[in-house]
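The values are calculated or read from the model by the stated rules, or taken from the named source; none is laboratory data. Predicted model only: the values in this text are computed from it and were never measured. Neighbour counts are summed over all protein chains in view; Cβ atoms, including those assigned to glycine, are modelled from backbone coordinates with ideal geometry. When the accessible area is computed, the model is the full protein with side chains, heavy atoms only, and any ligands, DNA or RNA have been set aside. Shrake-Rupley method; radii C 1.70, N 1.55, O 1.52, S 1.80 Å.
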Amino acid sequence: MAGAAMAATPDATVAAPGYTYFNRPGAMAADYDRDVAGCIATGVAGFQDGRLDKHGEVRTGATPLFGGVVPGIMFSMANQVRLQVSLQNCMTVAGWRVMRLDDAQGAALWRAAPEEIARQLGAWAGAERPPGDVVRSYENDAARRGAVVFAIHTIPRLSLHSLSLRAFDPRRLQVHPASKLRYPDIKAKYVAKPLDAAAVGAVPSTEALAIFSFSGKSPSKYDFLQVRRFGPTPETHAWDADGRPDEFFLWGEQWKPLSKTDREVYAVALPPGRWRILSRSTLELCLGAPAFEAKADDVIYLGHFDLDAGMLSPDLKLDSLPAGLPITPEQRARLRPAAWLNGARWPCFPAVAIFAMEFPGLPAEPGYRAGVPATP
């Protein structure tokens, strides 16, 4: 993230406060209308039976844990926080900057009719020098060491005033279908478990053998990478379609490693398919994520991840693997680096927050443009 009012620690789980709107110098009003509508729809899809009321506030089919008027109000306000986080993250990934007006100008515009707010925001959308301060623009914070990627939005923030949401006509909302939320669970039957030395040599030719390693330690105990196989449709989990594991966790210190020297080495057997990093902690990466293809009888090295490095990115050099790694000579002969590609996207699931993450220095999928930092 960049901007005059940025916090020292990058945090993709919060929205910039104040009276905010979006700007991308040189953009057309039609670009703004399209991206705002798409990002609002993406954010609303993250709620059970999500919809917008005439004031741009999200309403859902879910209910708070405890009944009553006050818990219901708090629950609704916390949902609004989630929606604004998703909206800002989605728009910055698309290259827009979050602008904040001063309180006097912002409050005056807030009181205007939605049509007037929309007209004004359309005029500012592509301005070279729009009013207010730049408070957010895209940075690859999900890959950055120490960035906040874990949050549970239970407390409302009264300082959030999205002028873009205020002006949006809910009749334009087109929410895409999303898969049912599935919480991370390393013990679940759909999760591929790390293999021991005996199991590695017995991986059937119908599966791919994937190897990865870690060193260092993340600053957060809640940090992990959840990897999931794409299903036959955006709304279908692969496990539900074929009954084969469709998830594993790219992280160390969870199980007994296959090998341990200056790093921990793990191996998993994966069904063929396209696998992407679904989330980093509670941050779903549906707006752009690294992905790789696994084929039957493949032996692929997903890379070495140094958790002490400033940016998370796999070292794919095969000679960095321990010489005594317990794989068969045939498996070692077939071993190759994974062909990671940045830019995998999918309809966002219900999530605490949505964002994008890229492995620096690795190629992107053809046509992938999201994730390019906005021009300051």
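If R₀ is 30 angstrom, what is the calculated FRET efficiency for the pair residue 189 and residue 339, using the beta carbon separation as r and rounding to 0.05?
0.55
Once both labels are modelled 7 Å past Cα along the beta-carbon direction, what's the residue 308-residue 31 spacing in nm?
Taking the simple label geometry, residue 308 and residue 31 are separated by 4.3 nm.
Around residue 105, under 13 Å between beta carbons, what's the net of Lys plus Arg minus Asp minus Glu among the other residues?
Once positives and negatives cancel, what remains is -1.
Sort all Cα-Cα distances of the stretch 98-145 into consecutive 5 angstrom bins from zero, then give the percent of pairs in each bin up to the one containing the longest distance.
Reading the bins upward from 0: 5, 17, 22, 23, 13, 8, 7, 4, 1.
Give me the percent of the accessible area of the stretch 185-330 that comes from carbon and sulfur atoms, probe 1.4 Å, all protein chains in place.
Within the stretch 185-330, the accessible surface is 54 percent carbon and sulfur.
Starting from the Cα of residue 9, step 7 Å toward the Cβ, then list every residue of the stretch 267-287 with an amide N under 19 Å from that point.
Label zone hits: 280-284.
Take peptides 132-138, 233-239 and line them up by average Cβ neighbours within 10 Å, highest first, as a rough protection proxy.
Output ranking for 132-138, 233-239: 132-138, 233-239.
Counting only protein chains, not ligands or nucleic acids, how are 144, 111 ordered by accessible area (probe 1.4 Å), most first?
111, 144
If you count, for each residue, the other Cβ atoms within 10 Å and average over each peptide, how do 163-175, 273-285 line up from highest to lowest?
Ranked by mean Cβ neighbours within 10 Å, highest first: 273-285, 163-175.
Hey, can you rank 28-38, 343-353 by average C-beta count inside 10 Å, highest first?
Ranking, from highest mean packing down: 343-353, 28-38.
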